[in-house]
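Participant: Here it is, the structure in full.
No lab work stands behind these numbers, since they all come straight from the coordinates. These numbers come from a predicted model, not from an experiment. Cβ sites come from the backbone with ideal geometry, for glycine too, and all protein chains shown count toward neighbours.
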Amino acid sequence: MLLAIITKNIYTAKGFLDDGNLVAIPTETVYGLAANGTDTEALKKIFETKGRPINNPLILHFTSLESMAPYVCGIPEAVKLLARNFWPGPLTLLLPKSSEVPEVVTAGSARVAVRIPNHPLTLDLLQVLDYPLAAPSANPSGYISPTKPEHVQQQLGDKIPLILDGGPCKSGIESTILGWDETFQPVIYRPGTITLEEIARVLNTTPRVNREAKVLLAPGMSSSHYAPQTPTITTKDVKSVIEQYEGKKVGLIAMKNSYPEKHVVKKEFVLSPNGSLSEIARKLYAAMYSLDTMDLDVIIIELAPDEGIGKAINDRLVRSSTSNTP
Ligand code: TXA
Ligand code: MG
């Protein structure tokens, strides 16, 4: 089986992208599956490769506000303010799109999702391209997002020609998505490591959270997401869930403390002995990937404290799970 080339050379990546091919790119959040954001044929390959429904729109990635300007209808003060505080960084904004944005990017919506990612290699790459990069997370639709080049190689390496190797992702879960409603009130559509509190401080108003109605997807489409193949249970009460799996092959992802019930657990990850939520976010998906290759009967994942970045972590965890035991 032919696998993807893994390289740090942005000019090799540019060559493939200019020719209408897909390239996996590093960002600070997760690896993206990138195509020329103005080339409809190249964009269609993203949906085919991921097995992604065509009505699920894509984020456009830029290197600067100047390079973004032609693709949106003006850049209001609030956006400049957010850009100054959070870009480059893990914040995606939904803005009215210009006619430069192909229909397939937005799935027919009048808004386009845009962000400036904080990864030096991808920023260098965007500098030498004369188009933005459309990129969803570089995983088969519904599976865990990749935070290392080898995850992309394992999942999509036989379907794409090139992976740009930017090392492990520093932030580890997907960007916060923010838009505005008809009355110009800010709305968070997906929580991330840039928290509601941080956005509220900058905008001087507290965004509403609307996790479900974010897109034009059929109901239920987004509910199974970020999910390992192994049955996965998320819980606040690890001890009692472990007890139910005596004699089974159990993998455990704990947040801060190790569990003494270890004898029933085949493999345990403790993500952050200091309880750092950003460390937990950074390491979570890699731990899930690893357990999912171990032929376990069940993966038990402890929920994070439900505050700040913990809210974004728990959002992903609940979506990843086959069952959630509070
Ligand atoms: O951190 C991230 O955001 C990563 C990196 C690669 O940038 N990307 C990412 O893309 O997570 P994806 O496609 O896996 O998730 C983007 C989400 C999808 O749920 C999509 O439905 C939503 O953003 N989205 C994109 N464009 C939209 C639009 N025009 N209106 C509403 N939702 C949109
Ligand atoms: Mg995704």
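Participant: How big is the antiparallel share of DSSP beta bridges in the chain, given as a percent to the nearest 5?
Facilitator: Just about 35 percent of them are antiparallel.
Participant: While we're here: As I understand it, the dipole of segment 232-325 uses +1 on the Cβ of Lys and Arg and -1 on the Cβ of Asp and Glu, about the Cα centre. Which of Ser276, Ser321, Val238 lies farthest toward its positive end?
Facilitator: Going by the Cα projections, it comes out as Ser276.
Participant: How do 100-111, 170-181 rank on mean C-beta neighbours within 10 Å, highest first?
Facilitator: On the way: 100-111: 17.4, 170-181: 22.2.
Result, highest mean first: 170-181, 100-111.
Participant: Shifting gears a bit: What is the percent of Cα-Cα separations in the chain that go past 34 Å?
Facilitator: 22 percent
Participant: From the helices alone, meaning DSSP H stretches of at least four residues, give me the mean residue ellipticity at 222 nm for the chain, per-run term -39500 (n - 2.57), in deg cm²/dmol to the nearest 500.
Facilitator: -8500 deg cm²/dmol
Participant: Hey, rough spin-label estimate for Gln244 and Ser64, points 7 angstrom out along Cα→Cβ, what's it come to in nanometres?
Facilitator: 5.5 nm
Participant: Using the crude model of +1 on Lys and Arg Cβ and -1 on Asp and Glu Cβ, and no other charge, please compute the dipole size for segment 5-209 relative to its Cα centre, in debye to 20.
Facilitator: I would put it at about 360 debye.
Participant: Over the Cα atoms, compute the radius of gyration (one decimal) and Dmax (the largest Cα-Cα distance, rounded to a whole number) for segment 58-161, in Å.
Facilitator: 14.5, 44
Participant: Please compute one quarter of the surface area of the Cα convex hull for segment 1-84 and express it in square nanometres.
Facilitator: Averaging across all directions leaves 7.4 nm² for the Cα convex hull.
Participant: Taking θ = phi - 60°, what integer Hz values does the Karplus form 6.51 cos²θ - 1.76 cosθ + 1.60 yield along segment 180-196, in sequence order, with x for Gly and Pro?
Facilitator: Karplus-based 3J(HN,Hα) across segment 180-196 equals 10, 8, 4, 9, 6, 8, x, 9, 8, 9, 8, x, x, 6, 8, 8, 3 Hz.
Participant: Among Val79, Val187, Val270, which one moves the most in a GNM of the chain with springs linking Cα atoms closer than 10 Å?
Facilitator: Top of the fluctuation ranking is Val79.
Participant: If each of Asn85 and Asp19 carries a label point 7 Å out from its Cα toward its Cβ, how far apart are those two points in nm?
Facilitator: Between Asn85 and Asp19, the simple spin-label model gives 4.4 nm.
Participant: Give me log10 I(q)/I(0) at q = 0.30 Å⁻¹ for segment 158-209, Debye formula, one equal scatterer per alpha-carbon, no solvent.
Facilitator: Normalising to I(0) and taking log10 leaves -1.17.
Participant: Apply 1/(1 + (r/R0)^6) to the Cβ-Cβ distance of Glu103 and Ile75, taking R0 = 25 Å, and write down the FRET efficiency to the nearest 0.05.
Facilitator: After rounding, the FRET efficiency stands at 0.65.
Participant: In Å and from the alpha-carbon atoms only, list the Rg and Dmax of segment 136-190.
Facilitator: When restricted to the Cα atoms of segment 136-190, Rg and Dmax are 15.2, 46 Å.
Participant: Now a separate question. For segment 232-325, report the translational diffusion coefficient in µm²/s to the nearest whole number, using Stokes-Einstein at 20 °C, 1.002 mPa s, and a Kirkwood Rh over Cα pairs.
Facilitator: 165 µm²/s
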